[in-house]
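The values are calculated or read from the model by the stated rules, or taken from the named source; none is laboratory data. These numbers come from a predicted model, not from an experiment. Neighbour counts run over all protein chains shown; Cβ positions are idealised from the backbone, glycine included.
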Amino acid sequence: MAVKFSPQTKREFKETLSRYPHKEAALLPVLLLAQREFGVLSDELVQYVAGLMDLPPSRVKSVVTFYTLFNTREVGRYVIRVCHTLSCALNGTEEVIEHIKKRLHIEVGETTPDKKFTLLECECLGSCNTAPVMQINDRYYENMTLELVDQILDSLE
Amino acid sequence: MEEKILLKYIDVPDIENIEVYQKHDGYKGLAKALKQHKPDQIIELVKASGLRGRGGAGFPAGLKWSFVPKDSGKPVFLCCNADEGEPGTFKDRLLMEKNPHQLIEGIVITAYAVNCHQAYIYIRGEFSQAMQVLEQAIAEAYEHNCLGKNILKQGFNLELSLHSGAGSYIAGEETGLLESLEGKRAEPRLKPPFPASVGLFKGPTVINNVETLSNVPHIIMRGAEWFKGFGTEKSTGTKLFCLSGHINKPGVYELPMGIPLKELINNYGGGIIGGRKLKAVIPGGSSTPVLTAEQVEEVAMDFESLQAAGTMLGSAGVIVMDETTCMVDALANLTRFYAHESCGQCTPCREGVSWMEKIARRIEEGKGLEGDLELLLDICDNISFKTLCPMGDAAIGPVVSFITKFRSEFEDHIRQGRCPIEKDKSIKVRG
Amino acid sequence: MANIKIDGKELQVADGITILEAADIAGIEIPHFCYHKELSIRGSCRMCLVEVEKMPKLVPACSTTIKDEMNIFTSSERVIKNRRGVLEFFLINHPLDCPICDQAGECTLQDYVYKYGSAVSRFTEEKEHFERRKELGPHVLHYTERCVLCGRCIRFCEEISETRELARFNRSFRSEVDVFPGKRLDNKLSGNVVDLCPVGAMVSKEFLFKSRVWWLTHTESICPLCSRGCNIEIDSRDNKILRVRPRPNPEVNIQWMCDDGRFGWDFVQREDRLTSPLKREGAEMVSISRTQAINLVKGRLSYIISNFGKEAVAAIASPYLTNEDNYLLRILLLSVIGSPYLAVCQPPQVEERMVFPSGFTIEADKSPNLAGAQDVSAVEGRELISHRQLLQKVASGEVRALYFLGGAPRMSLPVEEREMLRKVDFLVVHDYAPSELTEWAELVLPNLSFAEREGTFTNFQGRVQRLRPALLPPGEAKPDWEILQEVCQAMGGEVNYPSAEKVFEEIVGAVPGYKSLSYKDLGNQGKAKG
């Protein structure tokens, strides 16, 4: 089955292109669009986007593998990114990470067998005043405590 | 207390709504700029105000704008650097989420000053909340003739678009930002040429930080002299200071430049959690050399004072560390950050920073060797001022300063083969 | 013009050049990895940093433009320390596998570490590991851990071949060069990235583990596989070619050659190379001696001439052989025998000309010397008879003896031509291995491949370039011009050239456009015809 954008994504794609004088410049927003629809930027999807953007697939994959928000491997429905840079580290982020690992029975970088959660560590999320901070998909979860972590994970379908 | 400039209306409900914003002096600065000033006059006004870049480099804003050639024949671009990624910094996020129109107004005035008709806000991909708020605000601004064609019927056109990053600290370096905005890896460019002459899509480009641009409407409204009334002679205006780490009241504090650091920490930050002893403070984001507790007592928060103390104001991301902090662990943490964020283009940064992380981690684990500290310092010397972009120098900032100022702690780790400090990794609940 | 000082040497140079270019003019080496003359500037390896008076930081020589009164130091203490530092950085994650790396002996990293680096490593951590060896394309392998990320290979694919197969993937210390899965590095210029790679990261499959480079003999020659005549270096050992690489020639091939040429020399080493003259006896080809062969030619040609006239003898010159070879054929036919029927074989059109956006071309004419063969076979600037017309004369029976020079790496005669050849009473052929020509010939004289001969080719631009022999001829194979000289002598001609160079001197005097050329003049870069 050949991968391609839904009509909705196609529309957003066209709108995104119109913001730039050169097509190439829209690559990052377009890749984010693609990821929003398909979850992971597989080689097949990368090749499809490359075709739409008139770019060689090697170039597109080169960009994809540079930025940390692009998923190149299968991820769960919820990607948990826990910040472990200094301010969060000073405020107990290590405990948060250990807690999530124990609760989900996975190591950092892994996905739960039911494909619900992926646990990743990330660098400074720019919210150091509410440390420890984690990001799940698009949302920030701040001022984490172990209880809050449990509540949040429980609340996610 | 002190008058605020940027956070004056931060608590007004719905200030992100353009109609509320307009009721609170909103877009009056823009109207004044377009109606009463020529572009050159705006540049002179901002120069006179002494406004310096708030992203970290502290370069005089008006001077930067004056470098844009008037006759290049190529379209001029303005990029707002909203790729806030310097550890310890979170002020731009606040400005964008809570008062987006202030930023937009600043962007339009700046664009007018440099004859730019296409501007972008490069915002880090993780800030989805801020992106939503900004998209909404931009749409409102277009509807209310504050963006687009014939702005406020004064004949000036400006298109403004939001551009999302995708997770890269080095995209916050100005030429890394340009590369990323052009759809490539955020690999910084050689300078010269400088962005003011060859920037986005090879056209003259101005890149300014969110906080810098947010100051502009106020300077236009109230004048250069008024702005110089805040702060010190060479560091005028107010600054958004970011307090984080082992502090009771972390957050963003808008205070005049030059406020003593101990006042910031104790009077505004509420002092150290649990009443513990202060050990070290990073004053301006992780790239700036660390200050010991003694130095914290003496130093003021402005560009000159911190430079005289051997460090920098940077982004004013103040990270407070108390006596439970293991400086070796903190260093391993920061070197890991830089090693992870290096773009990988140039040899010293790509290889050297990751090497430093490995050594720091090894020392932290108790496997340090005699000579490790000299080795680290020599690696720093081989990186210092030799990399393609300032990231190399940023990475060595913590290494050199931590080893120099906390040497005995490092030596203890090496000699004892373990960390001698009781680290506190408990999680604090913020009220 | 600007007046600058570099290491104390005063120099006047053109405005706008870089410090690296100025140092080159001054004869001073500034070590570098990522810089390459034919590619865009990156300034990322940081190896070329030099000190400039009044500039606080060291600056990259490859990208810093000189200014009037600039005072440059390429070997100050700071510069020396930086070089040592950069080399140390390159080595910390390097596999240090010189003993099994093809590049050893011609490796920039080795050479620089020896000259500018430290003898001792201070690195005691675990190295970063990557996929050891990747097959990037039909000819190129990539040893990831040896890569210094200079990016030359990537820039080549972007700027010269414009095929863009290669890119950097991942970031920071996990950066690596690779292709997109399924999109191999298979453009026709792919072999050039092996030359460009300063270390043993990009290696050629064909040369893998074949030999240490210091055992190789290097011979300067010209590629015989199309009319561009790329300047090449034949690397051989024990009388076998092990690899062929391009030589720089800004007028012809810049620094490049195509994969067809680079990897297409194996015809030289065919097992069925002809090593002695062969005479047809029924269905068999039988070995005979040189003397017997020459006598046979003399006998058969004389018979045909006396019974049917001089014009019953014709000859076809070869665009695959040198000017010297074809010139002797002309002497034989026009002067010694006196027949006007000398044509030049038209190489078949099997491919389109391939033009790369950067300007490099692979010519459609797959013979190296059509222009030269035509020049030396023409009378008063015009060809005597076309290939087509000559073969028609053969078909009609007018021509009964045909002297056909072969030597094509891959002969492909159209069917009608092959049929026509059957009609000839006496077909004598020069070739290096069994071919469509030898199939019908009554007599086959073994000749040399390009790799065994001295001589000249004239390329499609009209540039005359020299070949030099890299290998000894197999068996009794001889240069064509020598064979033809013997035939001339047997037929009563007074022809006595002691060397190919002397033949060339004759060409210079006799053929318009070749005036004032000489072997010495041609050197190793060749020279355009007048």
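Out of all the residues in region C:121-160, which are in contact (Cβ under 8 Å) with a residue 12 or more places away in the chain and assigned to a helix (DSSP H, G or I)? Listed by number, the residues that qualify are C:THR144, C:GLU145, C:ARG146, C:ARG152, C:CYS153, C:ILE154, C:ARG155, C:PHE156, C:CYS157, C:GLU159. In region B:176-190, the residues that are more than 7 Å from chain A (Cβ to nearest Cβ) and free of Cβ contacts under 8 Å to residues at least 40 places away in the same chain reach residues that are aliphatic (A, V, I, L, M) and buried (at least 24 other Cβ atoms within 10 Å of the Cβ) with C-beta atoms within less than 6 angstrom, at least six apart or across chains, in these pairs: B:GLU179/B:ALA186. Of all the criteria given as (1) away from chain B (no Cβ under 14 Å); (2) loosely packed, with under 15 Cβ neighbours inside 10 Å, the one not satisfied by C:GLN103 is (2).
Residues in region A:62-85 that are at the interface with another protein chain (Cβ under 9 Å from one of its Cβ atoms), touching a residue at least 24 places away in the same chain (Cβ under 8 Å) and not in a strand (DSSP E or B): A:VAL63, A:VAL64, A:TYR67, A:THR68, A:LEU69, A:PHE70, A:HIS84, A:THR85. Here region A:96-123 is the region considered, the condition is being over 26 Å from B:SER342 (Cα atoms) and among the polar types (S, T, N, Q), and the residue that is nearest to the other protein chains (Cβ to nearest Cβ) is A:THR111. Among the residues of region B:156-173, the ones that are out of contact with any Leu (no Cβ under 8 Å at 6 or more places or on another chain) and either surrounded by fewer than 24 Cβ atoms within 10 Å (Cβ to Cβ) or not assigned by TED's automatic domain parsing to the domain that holds B:CYS146 (or both) come to 2 in all. Restricting attention to region B:306-341, the residues that are part of a helix (DSSP H, G or I), small (Gly, Ala, Ser) and within 18 Å of the chain's Cα centre (by Cα) add up to 0.
Within the set B:PRO260, B:PRO192, B:PRO256, the sole residue that is under 17 Å from the mean Cα position of the chain (by Cα) and surrounded by fewer than 21 Cβ atoms within 10 Å (Cβ to Cβ) turns out to be B:PRO256. Taken over region B:68-83, residues that are in a loop (DSSP other than H, G, I, E, B) and away from chain A (no Cβ under 12 Å) amount to 6.
Do you know which of the residues in region B:352-373 that are more than 7 Å from every other protein chain (Cβ to nearest Cβ) and among the small types (Gly, Ala, Ser) is nearest to the chain's Cα centre (by Cα)? Checked region B:352-373; the qualifying residue nearest to the chain's Cα centre (by Cα) is B:ALA360.
Of the residues making up region A:82-89, not a single one is surrounded by fewer than 18 Cβ atoms within 10 Å (Cβ to Cβ) and modelled with pLDDT of 95 or more.
Every condition in (1) on the phi < 0 side of the Ramachandran plot; (2) at pLDDT 95 or above; (3) loosely packed, with under 15 Cβ neighbours inside 10 Å holds for C:ASP15 except the one numbered (2).
Cβ-Cβ distances below 8 Å connect the following pairs, each with a first residue in region A:134-146 that is facing chain B (nearest Cβ under 8 Å), a second residue that is among the aromatic types (Phe, Trp, Tyr) and assigned to a strand (DSSP E or B), and a separation of six or more residues or different chains: A:GLN135/A:TYR141.
Entry remark, region B:383-403: residues being part of a helix (DSSP H, G or I) and either facing another protein chain (nearest Cβ under 9 Å) or not polar (S, T, N, Q) (or both) number 13 in total.
Given the criteria facing another protein chain (nearest Cβ under 9 Å) and under 30 Å from C:THR361 (Cβ atoms), does C:GLY137 qualify? Considered against the rule, which asks whether it is facing another protein chain (nearest Cβ under 9 Å) and under 30 Å from C:THR361 (Cβ atoms), C:GLY137 comes out as no.
Find all pairs meeting these conditions: Cβ atoms under 7 angstrom apart; at least six residues apart or on different chains; first residue within region A:1-21 and surrounded by 10 or more Cβ atoms within 10 Å (Cβ to Cβ); second residue at pLDDT 95 or above and among the basic types (Lys, Arg). Correct list of pairs: A:LEU17/A:LYS23. Just one residue in the set B:GLU294, B:GLU357 is touching a Lys or Arg at 6+ places or on another chain (Cβ under 7 Å), charged (D, E, K, R) and part of a helix (DSSP H, G or I); that residue is B:GLU357.
Screening B:PHE127 against (1) surrounded by fewer than 17 Cβ atoms within 10 Å (Cβ to Cβ); (2) within 17 Å of the chain's Cα centre (by Cα); (3) within 14 Å of chain A (Cβ to nearest Cβ) leaves a single unmet condition, (1).
Answer yes or no as to whether B:TYR169 is within 14 Å of chain A (Cβ to nearest Cβ), more than 29 Å from B:ALA48 (Cα to Cα) and modelled with pLDDT of 95 or more.
The answer is yes for B:TYR169.
For region A:48-60, indicate whether the set of residues that are polar (S, T, N, Q), in contact with a strand residue (DSSP E or B) (Cβ under 7 Å, 6 or more places away or on another chain) and either in a helix (DSSP H, G or I) or in the same structural domain as A:ASN137 (by TED's automatic domain parsing) (or both) is non-empty. Yes, region A:48-60 contains a residue that is polar (S, T, N, Q), in contact with a strand residue (DSSP E or B) (Cβ under 7 Å, 6 or more places away or on another chain) and either in a helix (DSSP H, G or I) or in the same structural domain as A:ASN137 (by TED's automatic domain parsing) (or both). For region C:167-199, the tally of residues that are under 20 Å from C:ARG245 (Cβ atoms) and within 12 Å of chain A (Cβ to nearest Cβ) stands at 2. Selection of region B:321-351 for residues being more than 8 Å from every other protein chain (Cβ to nearest Cβ) and hydrophobic (A, V, I, L, M, F, W, C) yields B:CYS326, B:MET327, B:VAL328, B:LEU331, B:ALA332, B:CYS349. Return only the number of the condition from (1) over 30 Å from B:ASN382 (Cβ atoms); (2) assigned to a loop (DSSP other than H, G, I, E, B); (3) in contact (Cβ under 8 Å) with a residue 40 or more places away in the chain that C:THR163 does not satisfy. Looking at each condition in turn, C:THR163 falls short on (3). Tell me whether region B:7-29 contains one or more residues that are closer than 26 Å to A:PRO21 by Cβ and assigned by TED's automatic domain parsing to the domain that holds B:THR205. Taking every residue of region B:7-29 in turn, none turns out to be closer than 26 Å to A:PRO21 by Cβ and assigned by TED's automatic domain parsing to the domain that holds B:THR205.
Tell me which residues, restricted to region B:207-229, are away from chain A (no Cβ under 14 Å) and in contact with an Asp or Glu (Cβ under 8 Å, 6 or more places away or on another chain).
B:ILE207, B:VAL216, B:PRO217, B:MET221
Scanning region A:23-39 for residues that are within 14 Å of chain B (Cβ to nearest Cβ) and over 22 Å from C:GLU165 (Cα atoms) yields A:PRO29, A:LEU32, A:LEU33, A:ALA34, A:GLN35, A:ARG36. Criterion first (more than 22 Å from B:GLY199 (Cβ to Cβ), of a type outside the set (Lys, Arg) and without any contact (Cβ under 8 Å) to a residue 12 or more places away in the chain) does B:GLY88 satisfy it? No; evaluated as a whole, the condition is false for this residue.
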